[in-house]
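The values are calculated or read from the model by the stated rules, or taken from the named source; none is laboratory data. Since the model is a prediction, treat every value here as computed from it, not as a measurement. No Cβ is skipped: glycine too gets one built from the backbone with ideal geometry, and neighbour counts run over all protein chains shown. Surface areas here come from the heavy atoms of the whole protein model, side chains and all, with no ligands, DNA or RNA. Shrake-Rupley method; radii C 1.70, N 1.55, O 1.52, S 1.80 Å.
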Amino acid sequence: MKTFAAVLICLGIFWAQTSALDTFVLRDPVSNYVTGTMTIHSEEHIVDVHVRSGVYSSDTIFDYTHGYIATRLFSRNACFIMKIKKEYIPELREIGRLAFERQTMKDVYSPNNVWAQFQDGNSWVGHLKDWVLYGKHIENLCTGLPLYKLVATEAPVNVDSCASAGIPSILGIKICEELIATGS
């Protein structure tokens, strides 16, 4: 009986360590209020982020299998899609490590931000070929919304009109409208 109990305990430990689903509570670095949740689906190579913070509320999917990030900004009623580039976006394991560190060591703050631009007026509605490219998770997030392509950029001079998304206190995605100069 003791051997059976020991085997069950070992299986429980190994099962917990190899679990394919990890959920983290995201807290505001200043107020420590819960602002969202992040779930890492290791087997599907997906990170699912839900932020509920007034006008900054958003849902974001990091789909490492298809190589895209999609953010649904509720304040703009639109979906913004960006290709995952290793120089800007950490790998799945790194996001999990950063989230674990943030949850266990309260005073760790990661200032990592990715700045991205979109052109207003250049939206499209997703069709079958888009959803094959972006995958079912992004399709579920963005169906019925205008889609905008995001391009990584440097921080603009005026950041007042930029929207915040991503993973609070781990990886911020700052979404800014590209201002097009007009000759007057």
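For segment 119-136, the set of residues classified as open to solvent by less than 70 Å² (accessible area, probe 1.4 Å) and either among the polar types (S, T, N, Q) or more than 13 Å from residue 69 (Cβ to Cβ) (or both) consists of 119, 121, 123, 126, 130, 131, listed by residue number.
Among the candidates 72, 97, which residue alone is under 25 Å from residue 41 (Cβ atoms), of a type in the set (D, E, K, R) and at pLDDT 90 or above?
On the way: 97 fails: at pLDDT 90 or above.
Of the residues listed, the single one that is under 25 Å from residue 41 (Cβ atoms), of a type in the set (D, E, K, R) and at pLDDT 90 or above is 72.
Checking the structure you have, find out if any residue of segment 152-168 is at pLDDT 85 or above, in a strand (DSSP E or B), out of contact with any Asp or Glu (no Cβ under 6 Å at 6 or more places or on another chain) and more than 21 Å from residue 35 (Cβ to Cβ). Within segment 152-168 (the criterion being at pLDDT 85 or above, in a strand (DSSP E or B), out of contact with any Asp or Glu (no Cβ under 6 Å at 6 or more places or on another chain) and more than 21 Å from residue 35 (Cβ to Cβ)), the answer is yes, since at least one residue qualifies.
Name the residues in segment 44-73 that are among the polar types (S, T, N, Q) and either under 22 Å from residue 30 (Cβ atoms) or within 9 Å of the chain's Cα centre (by Cα) (or both), would you? Reasoning before the result, please.
Initially, segment 44-73 is screened for residues among the polar types (S, T, N, Q), giving 53, 57-58, 60, 65, 71.
Matches in segment 44-73: 53, 57, 58, 60, 71.
Could you list all residues from segment 22-43 that are over 13 Å from the mean Cα position of the chain (by Cα) and buried (at least 20 other Cβ atoms within 10 Å of the Cβ)? Selection gives 35 alone.
Taken over segment 137-156, residues that are surrounded by 15 or more Cβ atoms within 10 Å (Cβ to Cβ) and closer than 19 Å to residue 48 by Cα amount to 8. If you take the residues in segment 54-81 that are outside any helix (DSSP H, G or I) and without any contact (Cβ under 8 Å) to a residue 40 or more places away in the chain, which one is most open to solvent (accessible area, probe 1.4 Å)? The extreme case among them is 74. Being touching a strand residue (DSSP E or B) at 6+ places or on another chain (Cβ under 7 Å) and of a type in the set (D, E, K, R) is a property that does not hold for residue 160.
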